Amino acid sequence: RYNFTNVTFNVTDGYQTVNPINVTVTITEHSGTADYDGNEHVVTGYDVAISNPLYTTNDFTFNGDSTIRGTNVGTYAMNLTSANFTNTNDNFGTVTFEIVDGMLTINPIDVTVTITEHSGTANYDGTEHVVTGYDVVISNPLYTINDFTFSGCDTARGTDVGTYAMNLTSANFTNANDNFGTVTFEIVDGMLTI
């Protein structure tokens, strides 16, 4: 043990490298459908699926609005992007946030509009008699007379003895509100009878 006076120990460092791993986070936005009812409809949130169980929802932050709102008929998007999500765990190299779009869809509803032509009677007196106008009854209170247009003549005229028709048809009425799908105009005939 004393045969060597000067002993130099050369140490070469060893090491172990732990490399970060890549992970994919799939964000699936929630979706929903509703029939038009005049009210606002809301869809919120998203589901998360992660390609590696070592990575959890605690390893990223979300900054944005995961809410879809809509009232009228149409399709509304949540519009999340990968920029709304930030990785906070340095043990993972490339964290890819993939967005699966969700939608809120509001469907149009059907309605029936009953048009009842006015009627009238008169005794023959050699002068022209006239009946004009119609009454409207609508199957859904969300639909009003402001939601359709009328083009035509809602008048029945006659002088001589007989029966005179107003002759309105459903073609005289046009839906003007896209929140309603099929709008059926049913005509109840009215008459002028002399």
As a test, work out the antiparallel percent of DSSP beta bridges whose residues both lie in the chain, rounded to the nearest 5. 60 percent
Find the percent of Cα-Cα distances in region 78-168 that exceed 19 Å, and round it to a whole number. 67 percent
By per-residue mean of other Cβ atoms within 10 Å, what is the highest-first order of 182-192, 149-159, 53-63? 182-192, 149-159, 53-63
With eigenvalues of the C-alpha gyration tensor scaled by 5 and rooted, region 137-194, Å: 29, 11, 8
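For region 97-194, what's the relative contact order in percent, using C-alpha pairs closer than 8 Å and at least 6 residues apart?
Details: 193 pairs, mean separation 39.4, N = 98.
It comes to 40 percent, rounded to a whole number.
Using 0.36 nm per residue, how much length does the chain from T12 to T169 gain when fully extended, once their Cα-Cα distance is taken away? Before the final figure, lay out the partial values.
Values: separation 157, 0.36 × 157 = 56.52 nm, distance 9.88 nm.
Going from the current span to full extension adds 46.6 nm.
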Which log10 I(q)/I(0) values does region 43-100 give at q = 0.13, 0.22, 0.24 Å⁻¹ under the Debye formula, counting every alpha carbon as one identical point scatterer? -0.41, -0.92, -1.05
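Could you tell me what percent of the accessible area of region 48-165 is made up of carbon and sulfur, with a 1.4 Å probe and every protein chain present?
Working: 3110 of 6820 Å².
The C+S portion of the solvent-accessible surface of region 48-165 is 46 percent.
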Please list, ordered by chain and number, the residues whose modelled amide H lies under 5 Å from the amide H of N140; skip anything fewer than 5 residues away on the same chain. T112
How many Å² of accessible area per residue for the chain, probe 1.4 Å? 63 Å²
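With +1 on each Lys and Arg Cβ and -1 on each Asp and Glu Cβ, how big is the dipole of region 18-174 about its Cα centre, in debye rounded to the nearest 20?
Details: 2 positive and 18 negative charges, 51 e Å.
Magnitude of the dipole: close to 240 debye.
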At q = 0.14, 0.19 Å⁻¹, the log10 of I(q)/I(0) for region 6-111 from a Debye sum over equal Cα scatterers comes to -0.66, -0.92
Under the Kirkwood approximation for Rh and a Cα-based Rg, what ratio Rg/Rh is obtained for the chain? 1.57
Put +1 on the Cβ of each Lys and Arg and -1 on the Cβ of each Asp and Glu in the chain; which of N39, S82, T112 then has its Cα farthest toward the positive end of the dipole? S82
With θ taken as phi - 60° and the coefficients 6.51, -1.76 and 1.60, list the Karplus ³J(HN,Hα) couplings across region 31-48 in order, rounded to whole Hz; mark glycine and proline as x. 10, x, 10, 7, 7, 4, 9, x, 9, 6, 10, 9, 10, 10, x, 7, 9, 10
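Using unit Cβ charges (K, R positive; D, E negative) and no other charged atoms, how large, in debye to the nearest 20, is the dipole of region 110-194 about its Cα centre?
Working: 1 positive and 11 negative charges, 8 e Å.
Dipole of region 110-194, to the nearest 20 debye: 40 debye.
Using alpha carbons only, what's the Rg to Rh ratio of region 11-55 with Rh from Kirkwood?
Values: Rg = 22.4 Å, Rh = 15.3 Å.
Rg divided by Rh gives 1.46.
The values are calculated or read from the model by the stated rules, or taken from the named source; none is laboratory data. All of these numbers come straight from a predicted model, not from anything done at the bench. Cβ: placed from backbone, ideal geometry, glycine included. Neighbour counts: every protein chain shown. These accessible areas exclude ligands, DNA and RNA; they are computed on the full protein's heavy atoms, side chains included. Shrake-Rupley method; radii C 1.70, N 1.55, O 1.52, S 1.80 Å.
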